[in-house]
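The values are calculated or read from the model by the stated rules, or taken from the named source; none is laboratory data. Values in this document were obtained by computation on a predicted structure and should not be read as measured data. We place every Cβ from the backbone using ideal geometry, glycine too, and count neighbours over all the protein chains shown.
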Amino acid sequence: MIDDEFTTEDRGPRFRDGLAVRQDVMGEEFVERAFAAAEDTDSAALQDFVTDTVWGGVWTRPGLDHRSRSLLNLGILIALRAHEELAGHVRGALRNGLTRTEITESVIHTAGYCGAPAALAAMRVVQKVLDTELGPLDTADKSDNR
């Protein structure tokens, strides 16, 4: 639950802006689950910090649109092997307009810079999300660009 100790309004404009962006990119249900899982734990403060600082301070900056930020995140998370975060950001990338092909190509691109093991492990996560969100790749049309 987002409103544990303070109301959303008490947290300030950057938190409110960050929450709006986070919900737009990741989906309201995803964000609500993240806050609910952290409720009454030490992790609650981290959810507030990430919403305020990363989403409110970084994602709201001018200069890059959300689509571009999503593409960057995919590469960063693959390099870090942050697979738990990667799945959510693949869904966010789809919400921000990246296509199946662009997401797949971003994983292939990381193979050259992060190594094949990192890309192969990431692709297993990415494939599950793509199959869940878009369905299996149509083998009759390998240029599927949903």
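Would you check if Glu32 is part of a helix (DSSP H, G or I), closer than 24 Å to Thr132 by Cβ and either assigned by TED's automatic domain parsing to the domain that holds Thr104 or among the basic types (Lys, Arg) (or both)?
Numbers: part of a helix (DSSP H, G or I): yes; closer than 24 Å to Thr132 by Cβ: yes; either assigned by TED's automatic domain parsing to the domain that holds Thr104 or among the basic types (Lys, Arg) (or both): no.
Spelling it out, it is not the case that Glu32 is part of a helix (DSSP H, G or I), closer than 24 Å to Thr132 by Cβ and either assigned by TED's automatic domain parsing to the domain that holds Thr104 or among the basic types (Lys, Arg) (or both).
Restricting the search to region 46-60, which residues are surrounded by 14 or more Cβ atoms within 10 Å (Cβ to Cβ) and either at pLDDT below 95 or not β-branched (Val, Ile, Thr) (or both)?
Gln47, Asp48, Asp52, Trp55, Gly56, Gly57, Trp59
Scan region 9-23 and report the pairs whose first residue is farther than 14 Å from Val54 by Cβ and whose second residue is at pLDDT below 95, with Cβ atoms within less than 8 Å and a gap of 6+ or a chain change.
From region 9-23, the pairs are Arg16/Thr8; Arg16/Glu9.
Among the residues in region 73-90, are any among the basic types (Lys, Arg), closer than 23 Å to Thr132 by Cβ, in a loop (DSSP other than H, G, I, E, B) and modelled with pLDDT of 95 or more?
Initially, region 73-90 is screened for residues among the basic types (Lys, Arg), giving 81.
Those still in the list that are closer than 23 Å to Thr132 by Cβ too: 81.
Adding the requirement that they be in a loop (DSSP other than H, G, I, E, B) leaves 81.
Within this subset, residues satisfying the condition of being modelled with pLDDT of 95 or more are 81.
Checking region 73-90: at least one residue is among the basic types (Lys, Arg), closer than 23 Å to Thr132 by Cβ, in a loop (DSSP other than H, G, I, E, B) and modelled with pLDDT of 95 or more.
From the set of residues in region 91-120 that are assigned to a helix (DSSP H, G or I) and hydroxyl-bearing (Ser, Thr, Tyr), which is surrounded by the fewest Cβ atoms within 10 Å (Cβ to Cβ)? Break it down stepwise before answering.
Quick first cut of region 91-120, residues assigned to a helix (DSSP H, G or I) only: 91-95, 100-114, 116-120.
Filter once more, keeping what is hydroxyl-bearing (Ser, Thr, Tyr): 101, 104, 106, 110, 113.
On the way: Thr101: 14, Thr104: 16, Ser106: 22, Thr110: 21, Tyr113: 11.
In this case the residue turns out to be Tyr113.
Any idea how many residues of region 1-31 are more than 20 Å from Thr60 (Cα to Cα) and at pLDDT 75 or above?
Of the residues in that region, 1 qualify.
If Ala140 meets every condition in (1) of a type in the set (A, V, I, L, M, F, W, C); (2) modelled with pLDDT under 95; (3) under 19 Å from Ser68 (Cβ atoms) apart from one, which number is that one?
Failing condition for Ala140: (3).
Which residue, of Ile108, Ile78, is over 22 Å from Ala20 (Cα atoms), in contact with a helix residue (DSSP H, G or I) (Cβ under 6 Å, 6 or more places away or on another chain) and not assigned by TED's automatic domain parsing to the domain that holds Asp17? Steps first, answer last, please.
Details: Ile108 fails: in contact with a helix residue (DSSP H, G or I) (Cβ under 6 Å, 6 or more places away or on another chain).
Within the list Ile108, Ile78, the selection yields Ile78.
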